[in-house]
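Engineer: I have a structure I would like to understand better, so I am pasting it below and will then ask my questions one at a time.
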Amino acid sequence: MNTKYRDLIEQTFYFPQEEFKLEDNELQFHGIDLMKLVEQYGAPLKFTYLPKISENINRAKEWFKNAIKEHDYKGKYNYCYCTKSSHFEHVLNEALNNDIHIETSSAFDINIVQKLKKSGKLHKDAYVICNGFKRDQYISNIADLLNEGHKNCIPIIDNYEEIDLLSEQIDDPYKIGIRIASEEEPKFEFYTSRLGIGYKNIVPFFNKKVKDNPQVELKMLHFFINTGIRDTAYYWNELNKCLKVYIDLKKVCPSLDSLNIGGGFPIKNSLAFEYDYQYMVSEIVNQIKLTCEEYEVEVPNIFTEFGSFTVGESGGAIYEILYQKQQNDREKWNMINSSFITTLPDTWAISKKFVMLPINRWNDEYERILLGGLTCDSDDYYNSEQNTNAIYLPKYKKEKPLFIGFFNTGAYQESIGGFGGLQHCLIPQPKHILIDKEKDGTLTTKVFSEQQNAEDLLHILGYDRNK
Ligand SMILES: Cc1ncc(COP(=O)(O)O)c(C=O)c1O
């Protein structure tokens, strides 16, 4: 009988995969020798593999290019990066190497935009699509950007008051978008998203607030489905409802020429992940074209705002198994040397799954375990993978340290986890390493931030403020 961990994976999945390979009995991710990384920097650690950001942007651009060609689509495609999925400078610097645009969600995003413009990273003609509920500071930052002449800054109107608030501060005519409040999936706890304006109210809102307003020009209809772009009846039905609103609006508003389908491209969350991106993009482009043909209106330019897809697959976290606690006949807890709640908060908050694999000891026998974090919160655990109700890892052996990796964790985890801030049970935030690739293919690593120490946390807590 084959009882090695390696056999388990090879019998369950197609393995190796494009980004995951074995060298001896150790895991490599995009050619990164993960054990070497651990030897050099220790664990726990988090890392960002920057080239994956550019790679994914260019994959998406290629799918849209193919779809546009296939359907002889007359509109253009614009890739925006949704900054809230990771605001770090290194992420934006990498993303902006690929001739893309930006989507923002709140006031300070605009300060980032200003910095990126100053450094020459963001082009003066780049689209800056401003989503989110706009409070005073966000309104005045958007107004500043427009008043400085950034004509392609497009606030997306989220509620009935925003046009008046913006117009008070913006000097010249400006372009806007309107966000449709989508209907949530039937199993959701509420029917209609709180973000945006309801389907039925869009045209009346346009007639009341925009049509005779010489200062604003409606250019974009924005649509975002919380559950993502999926090949489900629900998604296609919502897209079609949105297209009907586009048609109705276009008939009364000739300046409307863009449809923004938001973010929501999925990323690989298990070794069994399958998703036909090209098919989805082609079908979206096809549906838009067919609806526009049927109602005899020009097809719109298409915008996307991929967040997870841009940055998610660039990130990873590595932990060491510190100890095994056998709490009863069947439950063995492998304790990691960090916390899930603070370092991968989505695993705790929304039961999100990531690809999880051991870094070393692939030739050892495996066992079924539960993974526990170091905080004293009973919810600080990870106990199942995407397609199975269990987790298997090489058998715990005190004298043979075991390291495990969580992959494709690059989106949202740092901002939701409060990077650099207070951590639950004061379990410090791990070191963060940036990995890049030179032109000749050599990988380089550098520390972006050290593991938090007692001083960092005590300072936040106010203990040394008065000295
Ligand atoms: C308006 C808008 N656009 C884009 C995104 C990015 O979504 P994702 O990370 O799924 O691509 C979000 C995420 O919440 C969003 O609210």
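Engineer: Helix 107-118 versus the longest principal axis of the chain: what angle, 0 to 90°, nearest 10, using Cα atoms?
Structural biologist: It works out to around 90 degrees.
Engineer: Also: Dipole of the chain (Lys/Arg Cβ +1, Asp/Glu Cβ -1, origin at the Cα centre): which of 225, 271, 129 lies farthest to the positive side?
Structural biologist: Looking along the dipole axis, the top candidate is 129.
Engineer: Could I ask something else about it? Determine which lysines satisfy two conditions relative to residue 21: a Cα distance under 19 Å, and not lying fewer than 8 residues away in the same chain.
Structural biologist: 4, 36, 52, 268, 437
Engineer: Can you give the charge dipole size of region 7-66 about its Cα centre, rounded to the nearest 20 debye, using +1 on the beta carbon of Lys and Arg and -1 on the beta carbon of Asp and Glu?
Structural biologist: Taking the Cα centre of region 7-66 as origin, the dipole is about 520 debye.
Engineer: Just order 111-120, 427-436 by mean Cβ neighbour count inside 10 Å, highest at the front, would you?
Structural biologist: Ranking the peptides 111-120, 427-436 by packing returns 427-436, 111-120.
Engineer: Cα gyration tensor of region 52-211, axes a ≥ b ≥ c as square roots of the eigenvalues: rounded (a/c below 1.5), prolate (a/b > b/c) or oblate?
Structural biologist: Oblate shape, in that a/c is at least 1.5 and b/c is the bigger or equal ratio.
Engineer: Per DSSP helix of 4 or more residues, -39500 (n - 2.57); summed, then divided by the residues of the chain. What does that give at 222 nm, rounded to the nearest 500?
Structural biologist: Here the helix-only value at 222 nm equals -8500 deg cm²/dmol.
Engineer: Something else now. Quickly work out the residue 13-to-residue 384 label distance, labels modelled 7 Å from Cα along the C-beta direction, and quote it in nm with one decimal.
Structural biologist: Inter-label distance under the simple model: 1.8 nm.
Engineer: Going by amide H atoms built from the backbone, whose H comes under 5 Å of the H on residue 301, apart from near neighbours?
Structural biologist: When sequence neighbours closer than 5 places are left aside, the close amide H contacts are 76, 258, 259.
Engineer: Turning to a different aspect of this structure: If you take the charge dipole of the chain about its Cα centre, with +1 on Lys and Arg Cβ and -1 on Asp and Glu Cβ, which of 160, 311, 258 is farthest toward its positive end?
Structural biologist: Positive-end residue among those listed: 160.
Engineer: So, one more: Can you tell me the dipole magnitude for the chain around its Cα centre, using point charges on the Cβ only (Lys, Arg +1; Asp, Glu -1), in Debye to the nearest 20?
Structural biologist: 160 debye
Engineer: Specify the angular offset, from 0 to 90 degrees and rounded to the nearest 10, of the alpha carbon long axis of helix 136-147 from the longest principal axis of the alpha carbons in the chain.
Structural biologist: 60 degrees
Engineer: Run through the DSSP bridge list for region 73-306 and note the antiparallel percent, rounded to the nearest 5.
Structural biologist: Rounded to the nearest five, the antiparallel share is 5 percent.
Engineer: Relative to the Cα centre, what is the charge dipole magnitude of region 1-122, using +1 at the beta carbon of each Lys and Arg, -1 at the beta carbon of each Asp and Glu, and rounding to the nearest 20 debye?
Structural biologist: Value, rounded to 20: 700 debye.
Engineer: Still on this structure, please answer the following. Going by alpha carbons, how many degrees (0 to 90, nearest 10) lie between the helix axis of 277-294 and the longest principal axis of the chain?
Structural biologist: Between the helix axis and the principal axis of the chain, the angle is about 10 degrees.
Engineer: Now a separate question. Taking the Cα centre of each part, how many Å lie between region 117-158 and region 1-77?
Structural biologist: Using only Cα atoms to place each centre, the spacing works out to 34 Å.
Engineer: I'd like to compare 252-259, 455-462: which one has the highest average count of other Cβ atoms within 10 Å, and what's the full order after that?
Structural biologist: Taking the mean over residues of other Cβ atoms within 10 Å, the ranking is 252-259, 455-462.
Readers should treat all values here as calculations from the given coordinates under stated rules, not as data from a laboratory. No experiment lies behind these values; they were computed from the predicted model shown. Every residue, glycine among them, receives a Cβ derived from its backbone with ideal geometry; neighbour counts consider all protein chains shown.
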